[in-house]
Amino acid sequence: MNTIKRYLGIVWLALAALCGYFTITSMGIPKLTSGKTDDLVFGIIIVFVLMPIIVGGLVTFGLYALQGEYDD
């Protein structure tokens, strides 16, 4: 069971990378460069508020799983 948890740590880290890439490329940059005020506000919230929270949480759980913090 502990090896499964460690493999899932790798999955969490990969998911964090994919989530960060997807958020920047398909939601962040198009909204920031559209020129509309509503899109600009939404893009700032997505890129500077929500993305760091989501990616940071996934990276934290992934690193803890790889380090064996959930082995108990």
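In this simple spin-label model, placing a label point 7 Å from the Cα along the Cα-to-Cβ direction at both residue 26 and residue 72 gives a separation of 3.9 nm.
Note on residue 48 and residue 3: the model spin-label points, each 7 Å out from Cα along the C-beta direction, lie 4.7 nm apart.
Grouping the Cα pair distances of the chain into 5 Å bins from zero gives a pair-distance distribution of 3, 19, 21, 16, 12, 10, 8, 6, 3, 2, 0 percent in increasing distance order.
Any read-out appearing in this document is the output of simple, stated calculations on the displayed coordinates, not a laboratory observation. Treat the numbers as computed from the prediction; the structure is a model and nothing was measured. No Cβ is skipped: glycine too gets one built from the backbone with ideal geometry, and neighbour counts run over all protein chains shown.
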